[in-house]
Amino acid sequence: MTKNYKVDVLIAGQGAASFAAGLYSSRYQMATLIVGEHFGGETAIGGLIENYPGQPDIDGFDLMLKFKEQIDNLNTPIHASNLVDVEKKSGKFYSVLEDGSKVESISLILCIGRERRKLGLENEESWTGKGISYCSTCDAPLYKNKSSVAVVGGGNAAVEGALLLSKYAETIYLIYRKNKFTRPEPLLLKILEQTENIKVLFDTEIKSLIGDDLAGLRTIGISKPWDGNSEINVDGLFIEAGADPRIEIPKKLGLELNSISNEVHVDIAQKTSIEGVYAAGDLTDGTDLKQTITAASQGAISALSAYQYVSEFNSLRQ
Ligand SMILES: Cc1cc2nc3c(=O)[nH]c(=O)nc-3n(C[C@H](O)[C@H](O)[C@H](O)COP(=O)(O)OP(=O)(O)OC[C@H]3O[C@@H](n4cnc5c(N)ncnc54)[C@H](O)[C@@H]3O)c2cc1C
């Protein structure tokens, strides 16, 4: 339902950073609104989380339900629609949501995370979920006892994905466009070397996705032949090629971005280049450690910064 809101702080996103920001913001007694279409963010689809302190071995979805329970207890409203437009006028922020709802706020906290990188190949979108996946942690068990699966990428996520899939499928092809791995953790590379059913194809790119609309992906076309073949039959393809920060809204606002990573630039108080706008979590260049705990911590800090800003804003207008 379309609504009009007037709040102290608008928080965009429904992930770890936003829920933590919402928790602190509500406890600071600010009128708070959280907006975002999808519950839980990347944590909710990340599968088993083993490194969130105090919650050993918890499913990411369940962890995010716990985050939400805490803000529900404070009656923090959540409006399930994405932020599509925002402008700053006379010191306040005027935002529009996808469903047409409007929000006037004194401050804004952006926690909208990152978008998974795609290969940009024909049929990639239509066969997602039909043999193509962007989350090995989520979908690996679907490939139990399958004969072959490919993973594309050269970072930790790709190597971790291949290792996980090696427990389910017979043969895993790990495809990387460069001639060696430089980014994954050394320990992971050591385990990779020792895992016999993973074949690493260096200097190789995926050139085509072959299959049909009914069955989805069946075969991948590769740039450098493997065993004399430039096509490999696969039951599935996992695209673990990294992620890009969602900068459409930050760009509309004119926020400064990190010149190397393209992430929203923040200081240690999660302040962006525009007064009254804060950003937290995977969207930002606050830390290289893109994890649930750091997102939550930055969300909490951004709420304190917003609180200080809103208090000063109100005192100047009294
Ligand atoms: C497969 C996988 C496994 C992982 N495993 C772990 C792990 O074991 N441990 C760990 O600590 N971390 C893990 N991570 C990383 C962790 O999930 C992220 O660091 C964390 O989710 C970042 O939180 P965030 O709130 O910044 O962003 P996100 O969780 O990405 O949340 C962003 C939110 O913003 C919403 N959004 C997007 N656009 C808009 C818009 N325009 N308006 C409003 N809302 C919008 C999204 O729908 C989403 O709800 C994993 C990530 C992945 C992908």
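All of the numbers you see were taken from the coordinates with simple rules; none came from a lab. Because the structure is predicted, anything quoted here is derived from the model rather than measured. Backbone-built Cβ (ideal geometry, glycine too); neighbour counts: all protein chains shown.
Relative to the dominant Cα principal axis of the chain, helix 16-27 is inclined by about 20°.
Over the residues of the chain, compute the C-alpha Rg and express it relative to 2.2 N^0.38 Å.
1.11
In degrees between 0 and 90, to the nearest 10, how far off the longest principal axis of the chain does helix 60-72 point, with axes built from Cα atoms? Roughly 10 degrees between the two axes.
The orientation-averaged projection of the convex hull spanning the C-alpha atoms of segment 167-318 amounts to 13.7 square nanometres.
Amide H to amide H distances under 5 Å link His79 with Ile34, Val35, Gly36, where only residues 5 or more positions off or on other chains count and H is placed in the peptide plane. Full extension of the chain between Glu248 and Arg177 gives 22.7 nm of extra length, using 0.36 nm per residue less the Cα-Cα distance. When you restrict to C-alpha pairs under 8 Å that are six or more residues apart and normalise by the size of segment 195-318, the relative contact order lands at 13 percent.
Among 81-91, 233-243, sorting by the average number of other beta carbon atoms lying within 10 angstrom of each residue, highest first, gives 233-243, 81-91.
Over 30 Å between Cα atoms, which of Lys146/Lys290; Lys68/Lys271; Lys68/Lys207; Lys199/Lys290; Lys6/Lys251; Lys180/Lys271 qualify?
Numbers: Lys146/Lys290 32 Å; Lys68/Lys271 24 Å; Lys68/Lys207 42 Å; Lys199/Lys290 28 Å; Lys6/Lys251 23 Å; Lys180/Lys271 38 Å.
Result: Lys146/Lys290; Lys68/Lys207; Lys180/Lys271 exceed 30 Å.
Over the Cα atoms of segment 132-239, the radius of gyration divided by the Kirkwood radius equals 0.94; this is the Rg/Rh ratio. Ranking of Tyr28, Tyr278, Tyr309, Tyr143 by neighbouring Cβ atoms within 10 Å, starting from the fewest: Tyr28, Tyr309, Tyr143, Tyr278. Using just its DSSP H runs of length 4 or more, each adding -39500 (n - 2.57), the chain gives a mean residue ellipticity at 222 nm of -8000 deg cm²/dmol after division by all residues. Projecting the Cα atoms of Ala300, Ala157, Pro186 onto the dipole axis of the chain, where Lys and Arg carry +1 and Asp and Glu carry -1 at the beta carbon, places Ala300 farthest toward the positive end.
Which angle from 0 to 90°, rounded to the nearest 10, does the C-alpha axis of helix 292-316 make with the longest principal axis of the chain? The angle comes out near 20 degrees. Using only alpha carbon pairs under 8 Å that are at least six residues apart, calculate the relative contact order of the chain and give it in whole percent. Contact order relative to length: 21 percent. Given points 7 Å out from each Cα along the Cα-Cβ axis, report the Leu187 to Asn145 separation in nanometres with one decimal. Distance between label points: 3.3 nm. For segment 132-239, averaging the sequence separation of C-alpha pairs within contact (under 8 Å, six or more residues apart) and dividing by the residue count gives a relative contact order of 31 percent.
For a paramagnetic label modelled at 7 Å from the Cα of Asn314 toward its Cβ, which residues of segment 257-288 fall within the zone defined by backbone nitrogen distances under 17 Å? It comes to 276, nothing else. Length gained on full extension, Arg27 to Leu304, computed as 0.36 nm times the residue gap minus the Cα-Cα distance: 98.7 nm.
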